[in-house]
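S.K.: Below are the structure tokens for one structure; questions will follow.
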Amino acid sequence: MPLKNSKKSGQWSILIILALLVVSGVSWWSSNLHSTPARAASIVDQVKVDPQPPAARPPQQAEDACYCSSDIYNCNNFQYQQEAQSCYDDCQAQGRGDIHELDSNSNGLACEELPLEPTPVTSQATPYTDPALRDPVFRSLANADNLLTNGNFEADFYGAPELGFEPPETGWIPNSWGWFKSQAYGKYNIYGNEGFALVCPDDFRLFTNSALSLSFHIQSSDQPDARLGIYQTVSVTPGQQYLFAMQGAIQSQPGAGSPDINNRLEVFFDQGGGTDWQATPHEKWTSLPWREQELEFETSGPQDPDLARIQEYYTIIKPSSNRLTVFLNAWRRWPNWRTTIFTVDCVSLTPLNQVDVAALAPRLTQLSTTAVDAALKGSGGVAAPASVSGQPAAAPVTGAVIAPAAGGIVDTKSNWLLITAVSLLVILGLVGAGVWNARRQKE
């Protein structure tokens, strides 16, 4: 009898251990699901620092270079005389002579009986033909002076080793811009991406590419008030009005947002030209009225585009001194482990008298809204942490800071089905084990 009971106890223990292993495995899978995307849709994984195209290959090294090791061609293998001539010249350069016998009269011209290839007519986009310039605001900005340097992020980048998710990964900051980051724990990065390819007014004015935008990437932040941004100081005329414009999008992994908008893009204009992003109370920063959009992790088909809808922001600034600093800030208000990518492009500061004001008027954005002000007042007065540049630590957080139910680290709203399924599985396993044990005792 003791031996029999011992076997039953051992079997019972094995079932319990198996159930616990199942629970642990499913919990691990749930915590790691979507935590690190293999590739965010339309966002590059590797930062492209040099936006310049590679140099063209010499003709004799082109991928379709002529085969000169043996006589396998004649004039019938070519459609145009230029193609035959290219092959002839290629073999001459390799020291093989006229191995294919394309020059019948030895005058240096190959297959003269073939027609000449039509000369292609190349049309380059101009401020008068490109579809983007049908927009009167865009057209006026393309012909205006942008006081911000590298506002289209098509110039070079410089490295920021303090950024990046895992060594040796580093951040890349656009030239002519400074950067800042709060000390809230998390993963931060700034980099150029090719996922949007927005056409900016500066692309026409400066004859640059339209390949890069700038992204702020925040993930696995388990402290409130995570901030990441850039800034630039310019010379202005006091009392003159300027138009500030930018485009972009906020893409969040499901579960990273909350009802009170957990991820925001902010802008601030320091009228004294200062570069300390912590010197100004948070209440004076402006939250852009851009909605969060879903960040997809798998490339979809043509009926389900992965790119977010690009949003715009326009506002008028009137400097009070001869120096003005523009701050752009990606702000995650509440702790969250999921991924948010803030993308900006076409950033400009232009004298208002150079812009089509009549076309611009319907697009102007208020500097503050009732909804944003109410949300900031209800935040409990979260103080900005110290920056990575070695500035003094910020004052302690005052007031109560309570994370909303849908904006915290544990997203029960998206995981309740999984938790319920695992619980039912464990209960059914235990009930089954009890029934089996009862039957064994009757035997």
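Every number in this text was worked out from the coordinates using simple rules, so none of it is lab data. Because the structure is a prediction, the values reported are computed rather than measured. Counting neighbours? That spans all protein chains shown, and the Cβs are built from the backbone with ideal geometry, glycine included.
S.K.: Round to the nearest 0.05 the FRET efficiency obtained for Y67 and Y185 when R0 = 56 Å and r is the Cβ-Cβ distance.
M.R.: 0.40
S.K.: Counting Lys +1, Arg +1, Asp -1, Glu -1, what net charge surrounds Q81 among other residues with beta carbon under 9 Å of its beta carbon?
M.R.: The answer is -4.
S.K.: Between Q79 and D156, how high is the FRET efficiency from 1/(1 + (r/R0)^6) when r is the Cβ-Cβ distance and R₀ = 51 Å? Nearest 0.05.
M.R.: 0.75
S.K.: If you don't mind, there's one more thing I want to ask. Starting from the 7 Å offset along Cα-to-Cβ, what nm value, one decimal, do you get for the label separation of T149 and R363?
M.R.: Those two pseudo-labels are separated by 2.6 nm.
S.K.: Here's another thing I want to ask about it. Assign unit charges at the C-beta atoms only (+1 for Lys and Arg, -1 for Asp and Glu), then state the dipole size of the range 131-377 relative to its Cα centre in Debye, rounded to the nearest 20.
M.R.: Dipole size: approximately 720 debye.
S.K.: Let me ask something else about it. What order do you get for 427-435, 218-226 when each peptide is scored by the mean count of other beta carbon atoms within 10 Å, highest first?
M.R.: 218-226, 427-435
S.K.: Explain nothing, just compute: Karplus ³J(HN,Hα) = 6.51 cos²θ - 1.76 cosθ + 1.60, θ = phi - 60°, for every residue of the range 156-167 in order, whole Hz, x for Gly and Pro.
M.R.: 6, 10, 10, x, 10, x, 5, 9, x, 7, 9, x
S.K.: Can you list residues from other chains, or at least 5 along the same chain, whose modelled amide H is less than 5 Å from the amide H of A184?
M.R.: Distant-sequence amide H within range of A184: R227.
S.K.: Using 0.36 nm per residue of separation minus the Cα-Cα distance, give me the extension gain between E117 and I316 in nm, one decimal.
M.R.: Net length gain for the segment: 66.2 nm.
S.K.: Going by a ≥ b ≥ c, the root eigenvalues of the Cα gyration tensor, does the range 131-377 fall in the rounded group (a/c under 1.5), the prolate group (a/b larger than b/c) or the oblate group?
M.R.: Rounded is the answer for the range 131-377, as its axis ratio a/c remains below 1.5.
S.K.: Further question: In nm, to one decimal, how far is the modelled label at Q271 from the one at N107, with both set 7 Å along Cα→Cβ?
M.R.: Inter-label distance under the simple model: 8.0 nm.
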